[in-house]
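The structure appears right after this line, and notes come after that.
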Amino acid sequence: MSDFTPVRIFPVGMALGILLALSFVLCVIFGLLFPNATMYQAWLPLLPGVTWISWPSALLGLIESFAYGWYIAVIFVPAFNFFSRKAKA
């Protein structure tokens with residue numbers, strides 16, 4: 001009998017989504033405080049439709065960052081659960 005408890009997608013998706021959305025907000029704040037650093041150019045190619053910087057673009061970047069967290073969770077959690085079951089067997 002296995003004592004394996006599978007990881008659930010919802011908490012992981014929410015945690016990763018919030019982590020990436022918060023990271024995006026911090027990057028935007030950093031970019032506004034230090035405009036010569038041009039850090040935003042590193043993540044602009046990863047966020048389609050986001051430009052530097054307007055309210056609609058910032059909102060889109062926030063939504064896309066949160067969605068990336070969920071994308072990672074949807075891929076990672078089933079793979080983790082699958083391989084964890086195999087390792088316990």
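The values are calculated or read from the model by the stated rules, or taken from the named source; none is laboratory data. Not measured: the values here are computed from a predicted model. Note that each Cβ is placed from the backbone with ideal geometry, even for glycine, and that neighbours are counted across all protein chains shown.
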Among the residues of the range 63-89, which ones are in contact (Cβ under 8 Å) with a residue 24 or more places away in the chain, among the small types (Gly, Ala, Ser) and either exposed (fewer than 12 other Cβ atoms within 10 Å of the Cβ) or outside any helix (DSSP H, G or I) (or both)? Ala89
Does Phe82 satisfy the criteria of being among the aromatic types (Phe, Trp, Tyr) and under 13 Å from Ser23 (Cα atoms)? no
Test for Val28: is it in a helix (DSSP H, G or I), under 14 Å from the mean Cα position of the chain (by Cα) and either hydroxyl-bearing (Ser, Thr, Tyr) or surrounded by 16 or more Cβ atoms within 10 Å (Cβ to Cβ) (or both): no
(1) at pLDDT below 95; (2) not in a loop (DSSP other than H, G, I, E, B) all hold for Met1 apart from (2)
Of the residues in the range 46-89 that are aliphatic (A, V, I, L, M) and over 17 Å from the mean Cα position of the chain (by Cα), the one that is modelled with the highest pLDDT is Ala79
Collect the residues in the range 5-62 that are in contact (Cβ under 8 Å) with a residue 40 or more places away in the chain and farther than 30 Å from Arg85 by Cβ, keeping them in residue-number order. Ala21, Ser23, Phe24, Leu62
The one condition in (1) in a helix (DSSP H, G or I); (2) at pLDDT below 90; (3) surrounded by fewer than 15 Cβ atoms within 10 Å (Cβ to Cβ) that Trp43 fails to fulfil: (3)
State yes or no: is Pro48 surrounded by fewer than 16 Cβ atoms within 10 Å (Cβ to Cβ) and not in a helix (DSSP H, G or I)? yes
